[in-house]
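The block underneath contains the structure these notes are about, expressed in structure tokens.
The values are calculated or read from the model by the stated rules, or taken from the named source; none is laboratory data. All values derive from a computational prediction rather than experimental measurement. In this analysis, Cβ positions are derived from the backbone assuming ideal geometry, glycine residues included, and neighbour counts consider all displayed protein chains. Ligands, DNA and RNA are stripped out before the accessible areas are found, and what is left, the full protein with its side chains, is counted by its heavy atoms. Shrake-Rupley method; radii C 1.70, N 1.55, O 1.52, S 1.80 Å.
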Amino acid sequence: MRQAKLRRFLSHTAIALLTAACASSAGAQTPQVRKFPTTQLNIGIHLIKAEVAQTEAEREQGLMFREKMGDNEGMLFLFGAPAGVCMWMKNTLIPLSVAFMDEDGKIINIEEMKEQTLDSHCAKRGAVYALEMNKGWFKSKNIKPGTKIDGLPK
């Protein structure tokens, strides 16, 4: 009888500890999603509300851990001067398209990116800006390399 009570006590204690550990680790896996200041961009008739990532830390965070993004929302990355830049999708939960742009805002190239990968997607030449949008956004609007994006911060 005493052993049965002890076993029941240990079993309930183990279940309680396991439940607490799972709840704690689940909380640890829910990272804080940071929003950045926004700016309005336009490509012809298309208006975009773009969050702006301009520091190295902001560019590294990017759209990580976001579960969704609005139809005409995106993230604009500022690099300051023409540079050979590449993007990847570590911890990014939504598929994206990225347009790399020169200092005049002209699109150099557009790349399609698969979520949660470390594949590199690079500008074909020195880029000053990159704009991430939901995957297929540029194609659905018939926006191609050479198109100019207006409203970019200097």
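Can you spot a residue in the range 42-49 that is under 14 Å from the mean Cα position of the chain (by Cα) and surrounded by 15 or more Cβ atoms within 10 Å (Cβ to Cβ)? No, the range 42-49 contains no residue that is under 14 Å from the mean Cα position of the chain (by Cα) and surrounded by 15 or more Cβ atoms within 10 Å (Cβ to Cβ).
Do we have Gly126 as among the small types (Gly, Ala, Ser) and in contact with a Pro (Cβ under 6 Å, 6 or more places away or on another chain) here? Please lay out each step first, then the result.
Numbers: among the small types (Gly, Ala, Ser): yes; in contact with a Pro (Cβ under 6 Å, 6 or more places away or on another chain): yes.
In short, yes.
Within the range 139-154, the set of residues being basic (Lys, Arg) and either on the phi > 0 side of the Ramachandran plot or outside any loop (DSSP other than H, G, I, E, B) (or both) comprises Lys139, Lys148. The residue pairs whose first member lies in the range 122-138 and is touching a residue at least 60 places away in the same chain (Cβ under 8 Å) and on the phi < 0 side of the Ramachandran plot, whose second member is assigned to a strand (DSSP E or B) and surrounded by fewer than 22 Cβ atoms within 10 Å (Cβ to Cβ), and whose beta carbons are closer than 7 Å, counting only pairs six or more residues apart or on different chains, are Met133/Ser97; Trp137/Ser97.
Just for strands (runs of 3 or more DSSP E) wholly inside the range 59-137: which have at least 2 residues that are under 15 Å from Phe36 (Cβ atoms)? Before you say what the answer is, go through the steps one by one.
On the way: elements: 73-83, 96-101, 107-113, 127-134.
Where strands (runs of 3 or more DSSP E) fall fully within the range 59-137 and carry at least 2 residues being under 15 Å from Phe36 (Cβ atoms), they are 73-83, 127-134.
Look through Phe77, Phe65 and report the one residue that is among the aromatic types (Phe, Trp, Tyr) and open to solvent by less than 50 Å² (accessible area, probe 1.4 Å). Walk me through it before giving the result.
On the way: Phe65 fails: open to solvent by less than 50 Å² (accessible area, probe 1.4 Å).
Testing whether each residue is among the aromatic types (Phe, Trp, Tyr) and open to solvent by less than 50 Å² (accessible area, probe 1.4 Å) leaves just Phe77.
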